[in-house]
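Accompanying notes for the structure given below.
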Amino acid sequence: MKLNLTHSRFNDTLRKLGTVFVAMIVFLVFSFRAQNFATLDNFMLLLRQMTMLTVISLGFTFVMAAGGFDMSIGYASGLVGIAFVVVLLNTDSFILALLAAICAGAGIGCINGVLVAIIGLPDFIGTFALGSVIYGVKLLITQGNPIFVRVPETGDTTSYEIFRSIGAGYIFGIIPIMVVIMVFFIIVAYILLAKTKLGRRIYAIGGNREAALFAGINVKKYKFLSFVISGLAVSFTAVMLASRLKSAQPTAGEGFLMDSISAVFLSTTMFGEGEPTVLGTVVGAFIISMMNNGLTMLGVTYYFQYITTGVVVILAVLMSVVLRKNGK
């Protein structure tokens, strides 16, 4: 009896933390194979590399928790970055540029919310179609060319200094500002999704839409809000990306979609028993970023990294599914 109980507890631990164990194994492999991988400098670099993926994935987590899907986030980050840089260059005001980015991201989220939650289009079709429109709009605005941010030689340059410090600045000379921004959004997202009525109702909708309706939850409202939150996450991600690149690139951010899907899907394999969670998404983003970082240090071809990352994600999810079935 004691043996069965111990086995059950061990299996339950593996079922919830199997993906974390895979991440630990991958970390150890890179530590032995890649020189300077397990160093403080590389760890801080890894944290900075995962900031944008983490923030945009946190927004995506709200959409998936509500049972939805957002195919537009990659294209949207490029358009929001363009809006931010254009306003910055024309007003010399970081605040106005940031407000423009927030409005652009929230606006895209609202359109997605209307298409999916209000009109009732399938998530994949509605958000993919909007993403296609966004892709065309940003190419039309830029003619496919990047918009570089150059600090003016005369006048007040404070806004440009703030802009550049986001992507390249440090606090106390050690902690990247982007990491501080990421931690802030992790805390906010955790509180909203795990500790508030908003989060509970989003989970209820994602768990069983019909039961949520019978419970009196305004399904359309909360699904709409999940897309708005995703749009806001895109806004801040786009600002950080523009700061890192010191420009608005029309194709920038397109890779966020697949990495965000991977990160959030990985989050469903741990902690939350099949539900996307904030902490799970953070671990998922860390795994994806660690894979890219480690493979780069090993000199693996950039294109091959997509294959390797995909295989690791599949193995991690399969491990969790098998353990979950054995636990029933």
* Structure fact -> Of the residues in segment 67-103, those that are of a type in the set (A, V, I, L, M), closer than 24 Å to residue 206 by Cβ and outside any loop (DSSP other than H, G, I, E, B) number 2
* Check segment 282-290 and report whether any residue there is buried (at least 24 other Cβ atoms within 10 Å of the Cβ), in contact with a helix residue (DSSP H, G or I) (Cβ under 7 Å, 6 or more places away or on another chain), in a loop (DSSP other than H, G, I, E, B) and in contact (Cβ under 8 Å) with a residue 40 or more places away in the chain. => no
* Asked: Any chance segment 129-145 includes a residue that's buried (at least 16 other Cβ atoms within 10 Å of the Cβ) and touching a Lys or Arg at 6+ places or on another chain (Cβ under 9 Å)?
  -> no
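Those residues that are surrounded by fewer than 17 Cβ atoms within 10 Å (Cβ to Cβ), in a helix (DSSP H, G or I) and of a type outside the set (Asp, Glu), I need them from segment 202-215; list them, please.
Here is the first cut: in segment 202-215, the ones surrounded by fewer than 17 Cβ atoms within 10 Å (Cβ to Cβ) are 207-211, 213-215.
From the residues that got through so far, the ones that are in a helix (DSSP H, G or I) too are 207, 209-211, 213-214.
Once the filter is applied, which keeps residues that are surrounded by fewer than 17 Cβ atoms within 10 Å (Cβ to Cβ), in a helix (DSSP H, G or I) and of a type outside the set (Asp, Glu), segment 202-215 yields 207, 209, 211, 213, 214.
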* Asked: Can you tell which of 173, 199 is at pLDDT below 95 and not in a helix (DSSP H, G or I)?
  -> 173
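For residue 239, indicate whether it is modelled with pLDDT of 95 or more, surrounded by fewer than 18 Cβ atoms within 10 Å (Cβ to Cβ) and under 19 Å from the mean Cα position of the chain (by Cα). Give the derivation first.
On the way: modelled with pLDDT of 95 or more: yes; surrounded by fewer than 18 Cβ atoms within 10 Å (Cβ to Cβ): no; under 19 Å from the mean Cα position of the chain (by Cα): yes.
Answer is no for this residue.
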* Asked: Restricting attention to segment 242-265, which residues are more than 16 Å from the chain's Cα centre (by Cα) and at pLDDT below 90?
  -> 250, 251
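For the structure I just gave you, tell me whether residue 274 is assigned to a loop (DSSP other than H, G, I, E, B), out of contact with any helix residue (DSSP H, G or I) (no Cβ under 9 Å at 6 or more places or on another chain) and at positive phi.
Against the criterion (assigned to a loop (DSSP other than H, G, I, E, B), out of contact with any helix residue (DSSP H, G or I) (no Cβ under 9 Å at 6 or more places or on another chain) and at positive phi), residue 274 does not qualify.
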* Among 234, 228, which is touching a Cys at 6+ places or on another chain (Cβ under 7 Å) and in contact (Cβ under 8 Å) with a residue 24 or more places away in the chain? -> 228
* For residue 92, state whether it is touching a Phe, Trp or Tyr at 6+ places or on another chain (Cβ under 9 Å), acidic (Asp, Glu) and farther than 21 Å from residue 182 by Cβ. => yes
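Go through segment 166-179 and report how many residues are of a type outside the set (Phe, Trp, Tyr) and exposed (fewer than 15 other Cβ atoms within 10 Å of the Cβ). Before you say what the answer is, go through the steps one by one.
If we filter segment 166-179 for residues that are of a type outside the set (Phe, Trp, Tyr), which is where we start, we get 166-169, 171, 173-179.
Cutting the leftovers down to exposed (fewer than 15 other Cβ atoms within 10 Å of the Cβ) gives us 168, 171, 173-174.
Residues in segment 166-179 being of a type outside the set (Phe, Trp, Tyr) and exposed (fewer than 15 other Cβ atoms within 10 Å of the Cβ): 4 in total.
Go through segment 141-170 and count every residue that is part of a loop (DSSP other than H, G, I, E, B) and of a type in the set (S, T, N, Q). Before you say what the answer is, go through the steps one by one.
First pass over segment 141-170, keeping only residues part of a loop (DSSP other than H, G, I, E, B): 143-146, 149-157, 169.
Narrowing further to those that are of a type in the set (S, T, N, Q): 143, 145, 154, 157.
Summing the residues that are part of a loop (DSSP other than H, G, I, E, B) and of a type in the set (S, T, N, Q) in segment 141-170 gives 4.
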* Look at residue 100 and say whether it is surrounded by 15 or more Cβ atoms within 10 Å (Cβ to Cβ) and free of Cβ contacts under 8 Å to residues at least 40 places away in the same chain. => yes
* Picking from 268, 308, which residue would you name as being under 16 Å from the mean Cα position of the chain (by Cα), at pLDDT below 85 and of a type in the set (Ser, Thr, Tyr)? -> 268
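The values are calculated or read from the model by the stated rules, or taken from the named source; none is laboratory data. On a predicted model such as this, the values are computed, not experimentally measured, just so you know. Cβ sites come from the backbone with ideal geometry, for glycine too, and all protein chains shown count toward neighbours.
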